[in-house]
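Written out below as structure tokens is the structure these notes cover.
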Amino acid sequence: MNTCIYCKITSGATSAREVYRDDELLVFLDPSPVNPGHCVVLPIRHHASMFSLEPSLRHRLFDLAFRLGRALAKHPDSDCFNLHHAHGEHAGQAIRHAAVHLIPRVGTDGFAFGWRMLSRPANEGEMAEWLSQKLQNPVDDGDEADEIETADEEDDEDV
Ligand SMILES: [Zn+2]
């Protein structure tokens, strides 16, 4: 049995206010929004991670997200937005179904992400080089480290 909350929304088993739907993607209003108009953009088929999406679908998803952002920035009750994606538990991914959140913002909304500003790391050159090499090596795209599935998610594949 699939217990994924987002799959229950994409299948219609749980209601949510839909904004957009096509064969592959769904946008709905988050039922517990950070601000009114907070949208969730996700693939209809269950994917625990963005990395298991076909690149063309991942591109479509992010394009749709930015189109939503443009719309939210023009809404009478907001003038800008945050785009948020969490990959993995420690990044705050509470639901193991890949999704992007679009949060409309206005100066008086009282919400803050709580960024911190560490000192510039002494080894930042090593990090930059390591990342640069990863970006130049397409073989790494979709490797095992990208996956965050858990044992109970094999059941979710039968959706
Ligand atoms: Zn799901």
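Values in this text are rule-based calculations from the coordinates and carry no lab data. Quick caveat, the model's predicted, so the values are computed rather than measured. Every residue, glycine as well, gets a Cβ built from its backbone with ideal geometry; the counts of neighbours run over all protein chains shown.
One residue stands out among those in the stretch 1-27 that are touching a residue at least 12 places away in the same chain (Cβ under 8 Å) and of a type in the set (Gly, Ala, Ser): the one that is nearest to the ligand (Cβ to nearest atom), which is Ser11. Among residues of the stretch 76-108 being touching a Ser or Thr at 6+ places or on another chain (Cβ under 8 Å) and more than 16 Å from the ligand (Cβ to nearest atom), the one that is farthest from Leu25 (Cα to Cα) is Val106. Can you tell me which residues in the stretch 10-55 are assigned to a helix (DSSP H, G or I) and within 16 Å of the chain's Cα centre (by Cα)? Residues satisfying the conditions are Thr10, Met50, Phe51, Ser52, Pro55.
Can Asp30 be described as within 27 Å of Asp79 (Cβ to Cβ), more than 15 Å from the ligand (Cβ to nearest atom) and surrounded by fewer than 15 Cβ atoms within 10 Å (Cβ to Cβ)? So Asp30 fails the test.
Yes or no, residue by residue, for (1) in a loop (DSSP other than H, G, I, E, B); (2) surrounded by 10 or more Cβ atoms within 10 Å (Cβ to Cβ); (3) within 22 Å of the chain's Cα centre (by Cα):
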residue	(1), (2), (3)
Ala94	yes, no, yes
His97	yes, yes, yes
Ile103	no, yes, yes
Gly114	yes, no, yes
Ser119	yes, no, no
Glu129	no, yes, no
Gln133	no, yes, no
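Close Cβ contacts (under 7 Å, 6 or more residues apart or on different chains) running from residues in the stretch 61-83 that are in contact (Cβ under 8 Å) with a residue 12 or more places away in the chain and closer than 15 Å to Asn35 by Cα to residues that are part of a strand (DSSP E or B) and among the basic types (Lys, Arg) comprise Ser78/Arg105; Cys80/Arg105; Phe81/Arg105; Asn82/Arg105.
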